[in-house]
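Take a look at the structure set out below.
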Amino acid sequence: MSFFKNTLLTKRIVIFVLFIIVSLILWNTYIFFQKFKQEERAKMEIFATAIKELATNPDLNANINLETKIFENITNIPLIQVNEDGSIKDWQNLDPSKTDNPNYLKKQLAKMKKQNAPIEIKYEGITEYVYYRDSDLLDKLTYYPIALILILLLFLTVIYMLFSSNKIAEQNKLWTGMAKETAHQIGTPLSSLLGWIAILKIENISEKYVDEIENDVHRLNIIANRFSKIGSAPELTKNEIVSITKKSFDYLKSRSSKQISFEFNSENVALFSNINVELFGWVIENLVRNAIDAMKGKGSVSLTISEKSKAIEITITDTGKGIPKSQFKQIFKPGFTTKKRGWGLGLSLSKRIIEEYHNGKIVVKKSEINKGTSFLIQLEKLN
């Protein structure tokens, strides 16, 4: 418990520190942006003053080196000089290949009017205006905060995934430990039950009853072995699928309500795939048991095995309450259940066993509310 508390506290501290750092960077960027914008405004005011000085200087032989130098130094700020009636008089730092097009100049002027207030030039009863837009460097600076925020979001996503993976790893360790401990605890009474079965055989009790008890004890032993394998990479061997599937199917059939009809179909006598027999049997039993539960003690369950070019397909169909299409993927998530009792782990474990351990696939093939559901398992076919 303390691990999760510490993890949560660390996460909050990291997020708070990142928020402070990014806030400071954004604030400094804003200050720098405004200062840079003011400097460009000051340059344009000097430029306007130079225009006015040139226009009002009657001496053609006067020294205009200063004004010329000012014009030459304004190389990165696009500008347009307009007359009082709004007609374009001159421009500077625009794309020379497009300035012959009047529409281009009008569009540029419209952009400049939106970005910055004009600088007024008055001389000898004449009024002119200088419009300008931000330099390319200033334009790029406007996107800097956006890029910074995107980087921050990416960083936070990585941190979240890191913490989540650590939490999931801890939970997996917990479930694995519980499963192995359960297997260990079941083992002790199982040994005792096997001893009692041996005594019952000696006492000449009906073999039918003894055999059924022995089958159930054997089943408990298989369940214990399944639990002990959780968290370990299972060993896969080439096995015949039809007979193994039928054995798991028939076991549940013999212990279910007589009001449920069971049907087993296979196009082939023998089909082979690399499986772990105990874990694969667990999946079949889990799907058949879910089908029985969905029908509430009355209906029909069918299991069909078919052969494809490279795969074996196992379809389990029931006539139960059905699953909404919106839940087709949710039902395979740990903890999701529609039952009043249960932990919602059966289908998630089945998916993990088939897809992670057996490199197969398990999906909801189809489902209709109040009509039934079909699950599909695909396994690689061996020759």
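Some notes on this structure:
- Placing a pseudo-label 7 Å from each Cα along the Cα-to-Cβ vector at ASN57 and GLU45 gives an inter-label distance of 2.2 nm.
- Estimated FRET transfer efficiency (ASP216, TRP27; beta-carbon r; R0 56 Å; 0.05): 0.20
- Packing-based exposure ordering (other Cβ within 10 Å, fewest first) of THR49, THR142, THR245: THR142, THR49, THR245
- Order of TYR251, TYR144, TYR132 under a 10 Å beta carbon neighbour criterion, fewest first: TYR144, TYR251, TYR132
- FRET efficiency, PHE155 to LYS258 (Cβ-Cβ, R0 56 Å, nearest 0.05): 0.35
- Model label sites at SER243 and THR337, defined 7 Å from Cα along the beta-carbon direction, differ in position by 3.5 nm.
- A crude spin-label estimate for the pair GLU203 and GLN330, with each label 7 Å from Cα along the Cβ direction, gives 5.1 nm.
- Contact order, relative form, for the stretch 2-134: 24 percent (alpha carbon pairs under 8 Å, 6 or more residues apart, mean separation divided by residue count).
- Straight-line cross-link reach from LYS366 at under 12 Å between alpha-carbon atoms covers these aspartates and glutamates, not counting any fewer than eight positions away in the same chain: ASP318.
- Cα centroids of the stretch 313-328 and the stretch 258-305: 13 Å apart.
Quick note: the coordinates plus some simple rules give every number you see, no bench work behind them. From a predicted model like this one, the values you see are computed outputs, not experimental measurements. As a convention, Cβ positions derive from the backbone with ideal geometry for all residues, glycine included, and neighbour counts pool all protein chains shown.
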